[in-house]
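Student: Mind having a look at this structure? Questions to follow.
What follows draws every value from the coordinates through simple rules; no lab data is involved. The structure displayed is predicted, hence computed values, not measured ones. Neighbour counts are summed over all protein chains in view; Cβ atoms, including those assigned to glycine, are modelled from backbone coordinates with ideal geometry.
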Amino acid sequence: MENNNKYVLVTGATNGIGYELAKLFAKDGYHLILVARNHDELIVKERELKAYGVEIITMAKNLFQAEDAYGLYADLMLNGISPEILVNAAGQGVYGQYKDTDLHREIDIVNLNVISVLILTKLFIKDRLEKGSGKILNLSSIASKAPGPWHSVYHGTKAFIQSWTEAIREELKDTGLSVTALLPGPTNTDFFNKANMNESKVLEDPSSLADPAAVALDGYKALMNGDDKVVSGLNNKLTVAMANMTSDSMAAHRMSEMQKPVNEK
């Protein structure tokens, strides 16, 4: 395979969009470095992905903790492994009104969605600059485009990721490194369960949720094309377009109506 000497580092690799992206890379012959917290889940995915005939390295790391993000890259460097592609797919949310939600949980969300991404991306860039090649895919969200009542911290983290991704993309444009943002909308993954969001109006019609495999394919194509970003799904493109045309306060109200609990009037 033409990519059989290239490694892809994927966080959040055991389920959802991260896992679907890992499968796409494996199909194209890339070796994989799979990162998640649960060692047993990693072993299951390793067995599944080995069917593609690529090397699989599993790393059980807790990216809620900055030390594990640093340690992940240190382990790679000690073993002489320089990933060609970095996929920052790990991320979680916490549901509820900010006055009621748990502050420690929200700090964890910021650590996972922002701090670990900053660390891994910095280390990736430092490693790949001298090599003159590399690709980064950051899992953003259409949540980055509008304030998100009932899910405010998650929306805030994705707004940061989107702005920062566009900024470093510009900085890196003449280096051989590219940075791409993938912006999905509500997707059929375990995200909502982890966020305690199962009572949200977003989930009233489960058939409206996107297929994570389709979202991953959109991101994969955009990454390989070197695009700056891709909004996955026609409805999500319309949602972003509407957010861009309205005031922040109007966008926040619309998002509140979409995300509030089913039993809220």
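Student: If the cut-off is 17 Å between C-alpha atoms, which lysines fall inside it for Lys201, apart from same-chain ones fewer than 8 positions away?
Tutor: Partners found: Lys260, Lys265.
Student: While we're here: Stokes-Einstein diffusion coefficient for the chain at 25 °C in a medium of 0.890 mPa s, Rh from the Kirkwood formula over Cα pairs: what value in µm²/s?
Tutor: D, rounded to a whole number, is 131 µm²/s.
Student: With r as the distance between the Cβ atoms of Tyr98 and Glu199 and R0 = 30 Å, compute the FRET efficiency 1/(1 + (r/R0)^6) and round to 0.05.
Tutor: 0.95
Student: Below 8 Å between Cα atoms, with a sequence gap of 6+, how large is the relative contact order for the range 15-95 in percent?
Tutor: This gives 27 percent for the range 15-95.
Student: Report the charge-dipole magnitude of the range 4-134 in Debye, nearest 20, computed about the Cα centre from +1 at each Lys and Arg Cβ and -1 at each Asp and Glu Cβ.
Tutor: 300
Student: Lysines near Lys6 by alpha-carbon distance under 16 Å, same-chain residues fewer than 8 away left out - which ones?
Tutor: Partners found: Lys23, Lys27, Lys50, Lys131, Lys135.
Student: Got a sec? How would Leu78, Leu238 order by Cβ neighbour count within 10 Å, fewest to most?
Tutor: Ordered from fewest to most neighbouring Cβ atoms within 10 Å, Leu78, Leu238 come out as Leu78, Leu238.
Student: Provide the packing ranking of 197-204, 14-21, i.e. peptides ordered by the mean count of other C-beta atoms within 10 Å per residue, highest first.
Tutor: Final packing ranking: 14-21, 197-204.
Student: 222 nm [θ] for the chain, helices only, -39500 (n - 2.57) per DSSP H run of 4+, per residue, to 500?
Tutor: So the helix-based figure for the chain works out to -14000 deg cm²/dmol.
Student: While we're here: Could I have the simple spin-label model distance between Asp28 and Lys221, label points 7 Å from Cα toward Cβ, reported in nm to one decimal?
Tutor: Here the modelled spin labels are 1.3 nm apart.
Student: Considering only DSSP beta bridges whose two residues both sit in the chain, what percent are antiparallel, to the nearest 5?
Tutor: 5
Student: Then there's this: With +1 on the Cβ of every Lys and Arg and -1 on the Cβ of every Asp and Glu, and nothing else charged, how large is the dipole of the chain about its Cα centre, in debye rounded to the nearest 20?
Tutor: The calculated dipole for the chain is roughly 240 debye.
Student: Which FRET efficiency, nearest 0.05, do Leu238 and Ile43 yield, Cβ-Cβ r, R0 41 Å?
Tutor: 0.50
Student: Moving on. For the range 40-180, just say rounded, prolate or oblate: build the C-alpha gyration tensor, square-root its eigenvalues into a ≥ b ≥ c, call rounded for a/c under 1.5, and beyond that prolate if a/b exceeds b/c, oblate if not.
Tutor: Oblate, because a/c is 1.5 or more while a/b does not exceed b/c.
Student: Something else: For a quick check: sort His253, His31 by the number of other beta carbons within 10 angstrom, fewest at the front.
Tutor: His253, His31
Student: Moving on to the next point. Taking neighbour Cβ counts within 10 Å as the exposure measure, how do Leu120, Leu234 sort from fewest upward?
Tutor: Leu234, Leu120
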